[in-house]
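Beneath this line is the structure, given in structure tokens, with notes to follow.
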Amino acid sequence: MASGLEDELKRAIRTIPDYPKPGILFRDITTLLGDARAFRRAVDALVQPWAGGKIDKVAGMEARGFILGGAVAHQLSAGFVPIRKKGKLPYKTVSMAYELEYGTDEMEIHVDAVKPGERVILVDDLIATGGTAEGAVKLLQQVGAVIEAACFIVDLPELGGADKLRAMNVAVRTLVAFEGH
């Protein structure tokens, strides 16, 4: 990836100090989403490795992953799978517990969201510790998905999430990295 793109995307991402707690630098992509050029360039960069290939579904994690995943799915002519917090989907679901910084939570997909053997890309805005993404990968694999990659705009490499996914044999694509957390 060209450093020009990385610089452009970094400039489009707002940093909010001490949110949600003191010492955290929150990387807010809503400013990137509101910048038509940066949003388009980010989606194009996420899609690029699979353009012209066969991806069956794009799975996006609630909530910013819905925005990015929908755009990526559209570009790839793929279906979209929402990964939601427990209790939000109306049909029969499959669920997976995942680790949070302080405790656990659960996420769900519809039982028929992915057919066994379908090629899936997981999309979210940011990878930090990787607990949510790890849970999403396991959930998708539980229903038979073949995970082609997990894609994020932002990586916080010091927190190790991308490495955790790579250790699960999942290819990881990130567009920008910020030091710290």
Query raised in the report: Only one of (1) closer than 30 Å to residue 3 by Cα; (2) in contact with a Leu (Cβ under 9 Å, 6 or more places away or on another chain); (3) of a type in the set (Gly, Ala, Ser) fails for residue 78. Which number is that?
Result: (2)
Query raised in the report: Taking the stretch 109-126 on its own, how many of its residues are over 18 Å from residue 50 (Cβ atoms) and buried (at least 21 other Cβ atoms within 10 Å of the Cβ)?
Result: 4
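Yes or no: residue 2 within 13 Å of residue 175 (Cα to Cα) and at pLDDT below 95?
Answer is yes for this residue.
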Requested in this report: Could you check, for the stretch 74-91, whether at least one of its residues is out of contact with any Asp or Glu (no Cβ under 7 Å at 6 or more places or on another chain), part of a helix (DSSP H, G or I) and modelled with pLDDT under 95?
Outcome: no
Query raised in the report: In the stretch 60-71, how many residues are surrounded by 16 or more Cβ atoms within 10 Å (Cβ to Cβ) and either touching a helix residue (DSSP H, G or I) at 6+ places or on another chain (Cβ under 6 Å) or farther than 18 Å from residue 114 by Cα (or both)?
Result: 6
Query raised in the report: Can you tell me which residues in the stretch 61-108 are of a type in the set (A, V, I, L, M) and in contact with a His (Cβ under 7 Å, 6 or more places away or on another chain)?
Result: 89
Query raised in the report: Would you say residue 7 is surrounded by 14 or more Cβ atoms within 10 Å (Cβ to Cβ), acidic (Asp, Glu) and closer than 28 Å to residue 178 by Cα?
Result: no
Query raised in the report: Are any residues in the stretch 92-143 within 24 Å of residue 43 (Cα to Cα), among the polar types (S, T, N, Q) and either in a strand (DSSP E or B) or more than 12 Å from the chain's Cα centre (by Cα) (or both), and if so, which ones?
Result: 129
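The values are calculated or read from the model by the stated rules, or taken from the named source; none is laboratory data. Quick caveat, the model's predicted, so the values are computed rather than measured. No Cβ is skipped: glycine too gets one built from the backbone with ideal geometry, and neighbour counts run over all protein chains shown.
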